[in-house]
Structures are given as C-alpha cells and as structure tokens.
Amino acid sequence: MDDVLRHEGVNFDTIEFFLGSLSVFSRPSTLFCNMTSLTSLNTFGLISQAEDFFSLTAETQLSALLERVKQVSAYFVLGGGSNVVLNERINKLIIHNQLKGIRQVSETDDTVFVEAAAGEVWHDFVAYCIQQGWYGLENLALIPGTVGASPVQNIGAYGKEVKDYLWEVRAIHLLTGEQHVFSKDECRFAYRDSIFKHEAKDYLILSVVFAFPKKWQASLNYADLKKYPGLTEQSTAQDIFDAVVAIRQQKLPDPKVLGNAGSFFKNPIVSPTKYTELVAQFDGLVAYPQENGMYKLAAGWLIDQCGWKGKSLGPVGVHDRQALVLVNRGGATAADIRQIAEAIQADVAKRYGVEIEPEPIFV
C-alpha cells in the first residue's frame, strides 16, 4: 500500500488503513492457547503463566476475540507489559494487543493528524514521528510500552503528557462489540489516569490519533532538560529526543538487562496545608506547585530519604540510581514485588504522613 508509512524497527504485515476504520490484515496465527508463559511479555521479567491467551495481530480477528470473551469470566489486555505486575498464574484470558501500522490521516493549515495502531512500540513511534517532521512527543522518548497503553495511563515525562498531543482514541467494547471513537475530552485525562481505567475499562483500544502542530516549539521547562549541556530554545526536536534518551538511560535500568516497570510509584498530590507542614519539618523537600493550588511531591525523594535506594528485600530491590524504580534481581514473583512495595509505602506513610500509590497494575 503506497499510503502506508513504514519505518525501521517495526515489522509490518500487509496493512490497509481507512479514515474511520483501520483494518490490519496479516498472516494467520494461533489465536488462543492454554498455559502460555508471560515471563518474556512483561518488562519486570516476573515468572507468570496465563491459562488462556489470545494474540491479536489483525482486526480481522476481532469477531473471534469477541466470541472468546463471551466464554470466559474475566480478561485482561496486555500491551508491552511495561506497566503491570503479573501473578504467577493468571486464571483469566490474556489478550495480547499487537496491532501494527502508522499513517497520516489528514492535515490543516496548522496541524498534522497521525493515526497509530495500538500495538506499535511507543518509543519506535516517537522516533518515527520525528523522522517524518511530526514534532511534540520527543519529551516522551524511551518510555516503555505501546501506543495503545499510552492514553490509558496518560503517560508523561519531562514536562509533557500524552494528552498534550492526543486527538482521539478508537476502541471496541469487548462485551458488546460496539466501536467508539473517544475524543480527547471524553478520555477524561488526569495525572496518570483516564476513563479507560474506570467507566471505559471494557474497551480495547485499536488505534490512537495524534495532532502535531506545524509550528513546533521546544519544551525545556523540566529541570533535567534545562541543565542538559547544549540544549537551548533553538534546539531541534531530534536534539531533545536524544537528550531525553541519554538522561533516561543514565537514570533508569534497561528492562532487557535488569527487569523493571519504570517508575513504580506515583508522585503524591497534597494540599497546601500539608505541603506547608512538610516544608517546615523536612529540609530539601522536593515539590512542584500545581495549577489547582495543590502540590506534587517527588515520591523518589521521599523513598530515598527513608533509606530505600539500593536496598533489597528478597529478589526485588530499589534501584541504586533512582529510588522510584523497583528491579527484579532474578526469579521474582508478584508476591515479592508486593512485599517490598508495601514495606516502602509503610515507611513513607510513617515518616511523612503521605500515601504513595503504585503506578503498575497488579494482575
């Protein structure tokens, strides 16, 4: 297909896109099977097996998937496996979303609209967009996971969130088969949150449309970018992309080398009263004022001050360069993750009177 854009690092089968309905045709594959290992499908590298597994590689498989969902009592959609904690044995249907494809759908005088299938690797998509001159997502480089997972979590980093460039989300209800296009407003984005975690949790995301401004402006407000050597307001999107990748590689472990799910805890939001109380009591408290008058505390700083950085509990440890990251030192299970997470939460609550919540979903 001449109108389908291709790039290195993404394996395309024969793909055909239509402006209101994206269809992906690919070679036949095994749709579902019993007792499938998920250890290689989660970035924590946790030992896990699923009793039922459905590999979704083409939208032509949706009717079969809907029939399969009717036969089970529970299911879970798995993308890149980068924001999940999987139990050793999962007695629900695991749907592995691997839909692929990227295309420009339209443009106006000031905006380019680009649609990406849900199974595209997020970082590869960001890199490809920059190659095509579609700028804006560079601050979100190297975040693990897939395009389809990005609106669920409203992923964010270095001063930007996916909601800043998302236009709409196309999804199918797994219980009714109804397809719906969610506008940006309908997604109800909040900090690491969206409607897909709540009322729309039974929808499977098929594709996401992004809106890229033709008049792009660098976003360097985040502290790490402000002090990064050579970055200025005149820097290109590629410069920022490269800087973000370098910073993340310096701070965060590679999941292929040391299993992890990125930042494990959300930064807690506190009231002005609580913030004032903490500032008076703890020197060096790291916090960021929010538009609504609340304050976002740096969870990594709280955990570090409690002495957890570099510490281990069983086969799971806190990374020695970033206290927000839990790492699998070998052979860990979900129970091991839960044990250390709860211990960290208890220490932070005891010292600061603040509750910190995990970012990953426990399955």
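The values are calculated or read from the model by the stated rules, or taken from the named source; none is laboratory data. Everything numeric here is computed off the predicted structure, so don't read it as measured data. Every residue, glycine as well, gets a Cβ built from its backbone with ideal geometry; the counts of neighbours run over all protein chains shown. These area figures cover heavy atoms from the full protein model, side chains too; ligands, DNA and RNA do not enter into them. Shrake-Rupley method; radii C 1.70, N 1.55, O 1.52, S 1.80 Å.
Of the listed requirements (1) closer than 24 Å to Asn221 by Cα; (2) assigned to a helix (DSSP H, G or I); (3) among the small types (Gly, Ala, Ser), Ala280 misses just one: (1).
Quickly run through segment 100-152 and pick out the residues that are surrounded by 24 or more Cβ atoms within 10 Å (Cβ to Cβ) and among the polar types (S, T, N, Q). Result: Asn139, Thr146, Ser150.
The residues of segment 40-62 that are among the polar types (S, T, N, Q) and either in contact with an Asp or Glu (Cβ under 8 Å, 6 or more places away or on another chain) or over 23 Å from Glu120 (Cβ atoms) (or both), listed by number, are Ser48, Gln49, Thr57. In segment 228-245, the residues that are at positive phi and part of a loop (DSSP other than H, G, I, E, B) form Cβ pairs under 8 Å with partners that are open to solvent by 60 Å² or more (accessible area, probe 1.4 Å) and of a type in the set (D, E, K, R), at six or more places apart or across chains, as follows: Gly230/Asp239. Looking across segment 118-153, the residues that are modelled with pLDDT of 95 or more, of a type outside the set (A, V, I, L, M, F, W, C) and part of a loop (DSSP other than H, G, I, E, B) come down to Gly119, Glu120, Gly133, Tyr135, Gly136, Gly148.
Filtering segment 39-68 to residues that are open to solvent by 10 Å² or more (accessible area, probe 1.4 Å) and either of a type in the set (Gly, Ala, Ser) or over 30 Å from Gly259 (Cα atoms) (or both) leaves Ser40, Gly45, Ser55, Glu59, Thr60, Gln61, Leu62, Ser63, Ala64, Leu66, Glu67, Arg68.
Name the single residue that is farthest from the chain's Cα centre (by Cα) among those in segment 330-363 being in a loop (DSSP other than H, G, I, E, B) and surrounded by 15 or more Cβ atoms within 10 Å (Cβ to Cβ). Across segment 330-363, the extreme among qualifying residues is Val354. Gln238 meets the conditions (1) of a type in the set (S, T, N, Q); (2) open to solvent by less than 20 Å² (accessible area, probe 1.4 Å); (3) touching a helix residue (DSSP H, G or I) at 6+ places or on another chain (Cβ under 6 Å) in every case but one. The failed one is (2). Counting the residues of segment 251-276 that are in contact (Cβ under 8 Å) with a residue 40 or more places away in the chain and open to solvent by 80 Å² or more (accessible area, probe 1.4 Å) gives 0.
Screening the candidates Leu206, Leu252, Leu225, Leu174 for the property of being among the hydrophobic types (A, V, I, L, M, F, W, C), closer than 28 Å to Ala323 by Cα and in contact with a strand residue (DSSP E or B) (Cβ under 8 Å, 6 or more places away or on another chain) yields one hit, Leu252. Taking the numbered list (1) part of a loop (DSSP other than H, G, I, E, B); (2) within 22 Å of Ile155 (Cβ to Cβ); (3) free of Cβ contacts under 8 Å to residues at least 40 places away in the same chain in turn, Gly310 passes all entries but (2).
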